[in-house]
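Notes follow once the structure below has been shown.
No value in this document is a laboratory result; all are computed from the given coordinates. Given the structure is predicted, the values throughout are model-derived calculations rather than measurements. Every residue, glycine among them, receives a Cβ derived from its backbone with ideal geometry; neighbour counts consider all protein chains shown.
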Amino acid sequence: MPIPLRHPILRDLHWILTQPPMVDQAPTFFDHGFLKRFAQPLLPRLHRIEQECLSVLVRFKRHGRLGFYYEQLWQLALDLHPDYQVLARDWPVKRDKQTLGALDLLVRHRPSGSIEHWELAVKFFLGVGDLRDPHRWIGPGQKDRLGDKLTRLISHQLPLVRRDEAQIELAKQGWTVSHSRALVQGRLYAPAGASTVPQQIHPHALQGHWYPQSALPQRPWRVLSRFDWLAGRPWQVLPRFAPPDPITWPVHLWDPSGAGHAFVVPEQWAANAGEQA
């Protein structure tokens, strides 16, 4: 059994390299086979980096949006990879002074010389109602939905590189983008006892369950802070879940005895989510 990685950033880097995509529909989305091939030359290096070269992690700041941190992790993976080179990150696409959007990553594949456009997202959604419908999978804060995210990726973010405004700026750099792909990782949480997911979801995508607070089983739950949502820390250092009052916001939990990841939500959370559908 390999020795566990101690550094939290390296644990999270291992997580993004080894966990399946949430959506696996090539060629628009990265497939699991590509992720496995991409990870092969990197995984053996992680322990060496921890022992010899922690300086590569100095620029990382684990604060702010989880999505920004996730993009940083992928940039680190690409910087360490022998076959890839990051050309640009958050490349803005503008019409006059109006920003139309930004390309997450422009990446050169060294063996072929091709340039790729990557869009990245890490998401956590709770299912309410018809679990086959991607629009019924909702973020804990009820600000975003799986269906909306997929629609935006396919209809706006991925085609952005083909706009005339983007092509003009890319040509100034001598870059021709061969194709665009999106990677969505994260976890889906079905209601307790359910397992149905939309047909777009990878069969091995990470899953958990959610419970209203009154129905949460008695288990040794530990509370996950935002930056524990990927690989997380050893469970022994996580605080126990023991709220004295009714919660007012969803709480992400981990059960070290075997039930895995879960969300506990306020009693009216599902009803409020249904009203916004």
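Can you classify region 1-70 as rounded, prolate or oblate using the Cα gyration tensor, where a ≥ b ≥ c are the square roots of its eigenvalues, rounded means a/c under 1.5, and otherwise it's prolate if a/b beats b/c and oblate if not? Oblate is the answer for region 1-70, as a/c is 1.5 or above yet b/c matches or exceeds a/b. Contact order, relative form, for region 1-97: 27 percent (alpha carbon pairs under 8 Å, 6 or more residues apart, mean separation divided by residue count). Counting only aspartates and glutamates at least 8 places from Lys61 when in the same chain, those with an alpha carbon closer than 14 Å to its own are Asp12, Glu71. Mean residue ellipticity, 222 nm, helices only, the chain: the sum of -39500 (n - 2.57) across DSSP H runs of n ≥ 4, divided by residue count and rounded to 500, is -6500 deg cm²/dmol. Each residue in Leu131, Leu188 was given a count of other beta-carbon atoms within 10 angstrom of its own, and listing them fewest first yields Leu131, Leu188. Farthest towards the positive end of the charge dipole of region 8-275, among the residues Trp137, Trp210, Leu253, is the Cα of Leu253, using unit charges on the Cβ of Lys, Arg, Asp and Glu. By DSSP, the beta bridges lying fully in the chain are antiparallel in about 55 percent of cases.
Shape class of the chain from the Cα gyration tensor (axes a ≥ b ≥ c, square roots of the eigenvalues): oblate, since a/c reaches 1.5 or more and a/b does not exceed b/c. The value of relative contact order for region 65-185, using C-alpha pairs under 8 Å at least six residues apart, is 23 percent. Each Cα pair under 8 Å and six or more residues apart adds its sequence gap; the mean of these over the residue count of the chain is a relative contact order of 19 percent. Once you sort the root eigenvalues of the Cα gyration tensor of region 161-277 as a ≥ b ≥ c, which label holds: rounded (a/c under 1.5), prolate (a/b larger than b/c) or oblate (the other case)? Prolate, because a/c is 1.5 or more and a/b exceeds b/c. Residues Val197, Val237, ranked from the fewest to the most other C-beta atoms within 10 Å, line up as Val237, Val197.
Toward the positive end of the charge dipole of the chain, with +1 on the Cβ of Lys and Arg and -1 on the Cβ of Asp and Glu, the farthest Cα among Trp91, Pro266, Leu183 is that of Trp91. Here the Karplus curve 6.51 cos²θ - 1.76 cosθ + 1.60, taken at θ = phi - 60°, turns the phi angles of region 257-266 into couplings of 7, x, 6, x, 7, 7, 10, 10, 10, x Hz, with x standing for Gly and Pro.
The string of couplings for region 213-223 from the Karplus curve (6.51, -1.76, 1.60, θ = phi - 60°) is 4, 5, 10, 5, x, 7, 9, x, 4, 10, 8 Hz, one whole number per residue in order, with x for Gly and Pro.
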